[in-house]
1. In peptide B:17-26, what is the residue-averaged number of other protein chain Cβ atoms found within 10 Å of each Cβ?
2. Provide the per-residue ³J(HN,Hα) series for region B:25-41, in order, calculated from phi with Karplus coefficients 6.51, -1.76, 1.60 and θ = phi - 60°, each as a whole number of Hz, with x at glycine and proline positions.
3. Evaluate peptide A:38-49: per residue, the Cβ atoms of other protein chains within 10 Å of its Cβ; return the mean as an integer.
4. Determine Rg/Rh for region A:169-232; Rg is computed over alpha-carbon atoms and Rh is the Kirkwood hydrodynamic estimate from the same atoms.
5. Among B:L124, A:L120, what is the fewest-to-most ranking by other Cβ atoms within 10 Å?
6. Can you pull the mean other chain C-beta count within 10 Å for peptide B:35-42?
7. Take the residue pairs A:K148/B:K7; A:K53/B:K169; B:K143/B:K169; A:K183/B:K143 and return only those whose Cα atoms are more than 29 Å apart.
8. Along its principal axes, what span do the Cα atoms of region A:1-58 show, with the longest given first and each in whole Å?
Amino acid sequence: MSCERMRPLLVRLADGALPQPRRYFVARHAAHCSQCAARLDELCAIRTMLRTKLPTHRAPPGLASRIVAALPRETPPAPSRPWFRIPAFGIASSGMFGALAGIALTLVLLHDGGRDDPTLRNLIGGHVRSLMAEHLMDVATSDRHTVKPWLSARLDVSPPVRDLADVGFPLLGGRLEYVDGHKGAAVVYRRAQHIINLFAWADAGPNTGFREQAQQGFNVVSWRAGGIAYHAVSDVNSDELAAFARLVGGT
Amino acid sequence: MALDDRKRRFEVLALPHLDAAFNLARWLAGNTTDAEDVVQDAYLRAYRYFSSFQGGDFRVWLLGIVRNCFIDWVRENRSGRMLFQAEPNAAEVETVWTATPPDPEALLLETLDSQTLERMMAHLPLEYREILLLREVEDLSYKEIATITTTPIGTVMSRLSRARLALRKLWLGAETKEASHVL
């Protein structure tokens, strides 16, 4: 076999990745060919050098505990979990949220079935779930320069994240969310003691105005701008939520 | 509770590979701060997709995610920067071999110190640095490297060859420079 064709086999030999019987033939060739022998030596020398002399970097102390602390406390929610199953889950899992679940259950009973918009129901489901399942935030910070890159690194949309603390809507953080079959962001704001979830996902449709809806005791304001569909969901009153929507959406 | 079990299982599998994950990220990103961000991202992503782990070598699966997170991180932070450079053509690599025939006495690799080696590695194209690390530090097989880098196994072999030659070329260049400096 010519030295030319031997070359890739020498590499595999040096890597210990050449099975018999080829290993035997290549080694035998190298034993009789000074050029190939020199190449093999050199390959082995490069390998040894890297293995013995290349500095390795150990994880800094504290990184492990930071990672463990950052792991979400629950699995990502399944897409479009029907809202009406949530109360039972809430009662079973957490006494603290039992009262809220009870209210939610009442709302289910009061809910008039004639006006059932599945998207709306899913949005409110997402909102309630975020309050009950201790999964309000994946990244909890009032710094929009942290929230925005965190979200856009994980999504194909980059929703605007604003700091509206000086107008009474402090930013709390953000998380990934599956709502109504869409993978998107939920940016979380607060109004007094009320949580506002701003859901955002990619939607190529034309820009729209603000559309206000109410269902099950929650208010929802929806609009579309710049290829993103927005839905603000909260139990704050409809005027305040509309004001919030205009602040966020008024680009 | 099942969710706690899942988290504990993840920790048991993933945390032992933290040094490997960090080392790869550190070599790719070039500094500790960015490497930490990449690794933290990678662990969160791994946890999120934990259910898609099909068994096999967890380290291989995890390092693949570290690599993806690094690529995303570069796209996010340094848009426009060429991430992985085009492979030099085979002819160019061959010239390296033939122009400087192997001469063990000229290539006194054992005299090379760690600092110089580190600097030389930093000069290599990203994909060369990556493949040398996966092969020599992580001691992964061609097949495992192919999985991590989502590259055909033949490409892994040829890229590994080129990476070693590129390192050799740098070393020979450094030697010549040093020799002429002394003279």
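1. Mean partner-chain Cβ count within 10 Å for B:17-26: 4.
2. 4, 5, 6, 6, 7, x, 8, 5, 4, 5, 4, 4, 4, 4, 5, 4, 4
3. Mean shielding by partner chains, rounded to a whole number: 5.
4. Using Cα coordinates only, the ratio equals 0.97.
5. Ascending number of Cβ neighbours within 10 Å: B:L124, A:L120.
6. What the average comes to for B:35-42 is 3.
7. Details: A:K148/B:K7 27 Å; A:K53/B:K169 18 Å; B:K143/B:K169 27 Å; A:K183/B:K143 33 Å.
Result: A:K183/B:K143 exceed 29 Å.
8. For region A:1-58, the Cα extents along the three principal axes come out at 45, 22, 16 Å.
Each value in this text was obtained by applying a stated rule to the coordinates, not by laboratory testing. Only a predicted model underlies this, so the values are computations on that prediction, with no experimental measurement involved. All Cβ positions, glycine included, derive from the backbone under ideal geometry; neighbour counts span all protein chains shown.
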